[in-house]
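Everything below concerns the one structure shown next.
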């Protein structure tokens, strides 16, 4: 969202259904800031903010100032496309006798710095132009999200003891605690008859929340600083009671006596600066990375789709309510230096990522103002290029909207995205380098400073395309697809260095995945179709949360010399249960999902009220890569009702029912369970609500 909101604000001057920041909201939010900032906030209420420009997530900055807009329910009845001549309304009305057709000068992405003079312009031109903001000033957006959730039998009825003493299930959803072995063995828990399986627990019930705040400080038309804070990020309500432990506090001796919650935390997701030069835009810092549909890189800002439904705005998500960004749980965040420019109608961005600096010289006994990286030998570096065509600047968006809405035409956009990642050496430690200090390197049993030749290289390529055909103002066809591939080689995957060639464990990387989303919408009716696939492995290392070493060896114990399991980004959701929770992501699978939608309002209306009915069917690409050694993953049915108002709130409730296939059977030879016969999976269901308030 951080990378999407600026262009969304610029769209406010084109369509009357956008909501931008107002003077009173900024004054309340930043009442403790200096008088200079407060006065600048008033200017934002009448001026347009600079829009952010990402390195690779499809958004570009704009100079166009914004005038306040009035949004009413009657807008839904008259959604005629606005002209690309700038803001209409407050500027022209201020003149009174000025013809409404007076054009406002447009500014391009790479304009020279404006000196603010009006020499050579008539009084009419000056009055008709939107007022420019006063710098510096603050702008902010974000959302509050609340999600109650019930998952029944998410472990598929499988909760068996394993030889390592833990609980074993073929689902990524853990069974209720009362089903775990330690609560069903009288030798371990004498109360097992009371607290164990006799309780017949099956459902996991909880609720979670997140408050996202995205403040931006605009220092000038060319420079801004952007941050994203998640306050109580995906916090499970009731998970932090003010309780110190058994009998450790006389006021709260037992957890049952806790009456308060401990303070929440703040997660800093983004912090970067942007500088718009004569040649292009430079961005430096921690930033989200969004590309295409998001199967490879998802920046938690949403895409041009909200579930199966395409958003109204063309060219991808612009604000929190335009796309599924408000429902994200993960996100791709990178430490990046990027440059973006435009040439011959095509955008080009190049970037360098600091993916992993390896061992740092952290010494708790010293007070160093700056921690130093202990060399480049263990660094993971990444270089990338993206070339694409799609509407980003206000001029682009206006031209495309005119082509679609006025001319009832069709548009096609595309993009090519490439990454090259390398690591020459690694440290000989199973603990992440970020958790180590200099003292760990000197320990005899933990030679963290020892370097191991890794020789890892990978080429990552992605192609994305989008087509839209507007057959009538209220009827359209949208098709969007993405294909990604990862190919590379690792000289040695061993933890310790070896001089013997026979001890080396080389691995090849050959992975691919694709997704296609299509939609036909006519007034209040929508028919959607999703299809996708991801390559799998034959190691029976199933899903996303399997044992970490299961991808190194095949099921029969032979070395797995080629890693082929592609995993979709976990924020790319095609369902509510099978891939999203039971497996963890789309991997080793091919799926199809038709959806039928009934809406009380047309798809382009401001109000939201409707029902989606969908059915998903999935099979494994490699049957050998599943616990049950079977390709049938299952079928999921879902009914989802929703209502809300674009730009203010969105509420939904979804019921999903999963018929798992035999791929989830727990066999006697899978991960060493203590069972006398294979255990078949049983059905599961989920009831989930989602309420998001946006600003």
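The values are calculated or read from the model by the stated rules, or taken from the named source; none is laboratory data. Quantities reported herein were computed from a predicted structural model and do not represent experimental measurements. As a convention, Cβ positions derive from the backbone with ideal geometry for all residues, glycine included, and neighbour counts pool all protein chains shown.
Worth pointing out:
- Of all residues in the stretch 354-368 being touching a residue at least 12 places away in the same chain (Cβ under 8 Å), surrounded by fewer than 16 Cβ atoms within 10 Å (Cβ to Cβ) and more than 28 Å from the chain's Cα centre (by Cα), the one that is farthest from residue 451 (Cα to Cα): 364
- Residues of the stretch 369-401 satisfying the condition of being surrounded by fewer than 13 Cβ atoms within 10 Å (Cβ to Cβ) and within 28 Å of residue 419 (Cβ to Cβ): 371, 372, 376
- Residue within the stretch 639-652 that is crowded, with 21+ Cβ neighbours inside 10 Å, at pLDDT 95 or above and within 27 Å of residue 515 (Cα to Cα) present: yes
- Within the stretch 139-166, being within 31 Å of the chain's Cα centre (by Cα), farther than 22 Å from residue 210 by Cα and part of a strand (DSSP E or B) holds for one residue alone: 152.
- Unique residue being under 32 Å from the mean Cα position of the chain (by Cα) and more than 30 Å from residue 430 (Cβ to Cβ) when the list is 484, 515, 456: 515
- Residue list for the stretch 544-585, filter: at pLDDT 80 or above and not in a loop (DSSP other than H, G, I, E, B): 562, 563, 567, 578, 579, 580, 581, 582, 583
- Of the candidates 494, 498, the single residue that is touching a residue at least 12 places away in the same chain (Cβ under 8 Å) and either assigned to a strand (DSSP E or B) or within 30 Å of residue 562 (Cβ to Cβ) (or both) is 494.
- Residues of the stretch 258-275 that turn out to be surrounded by 14 or more Cβ atoms within 10 Å (Cβ to Cβ) and more than 26 Å from the chain's Cα centre (by Cα), as a count: 2
- Selected residue (criterion: surrounded by the fewest Cβ atoms within 10 Å (Cβ to Cβ)) from residues of the stretch 201-224 that are over 21 Å from the mean Cα position of the chain (by Cα) and not in a loop (DSSP other than H, G, I, E, B): 205
- Of the residues 615, 631, the single one that is at pLDDT 95 or above, surrounded by fewer than 16 Cβ atoms within 10 Å (Cβ to Cβ), over 23 Å from residue 332 (Cβ atoms) and in contact with a strand residue (DSSP E or B) (Cβ under 8 Å, 6 or more places away or on another chain) is 615.
Every residue, every condition in (1) within 23 Å of residue 418 (Cβ to Cβ); (2) crowded, with 16+ Cβ neighbours inside 10 Å; (3) touching a residue at least 40 places away in the same chain (Cβ under 8 Å), yes or no:
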residue	(1), (2), (3)
440	no, yes, no
489	yes, no, no
508	yes, no, yes
534	yes, yes, yes
537	no, yes, yes
541	no, yes, yes
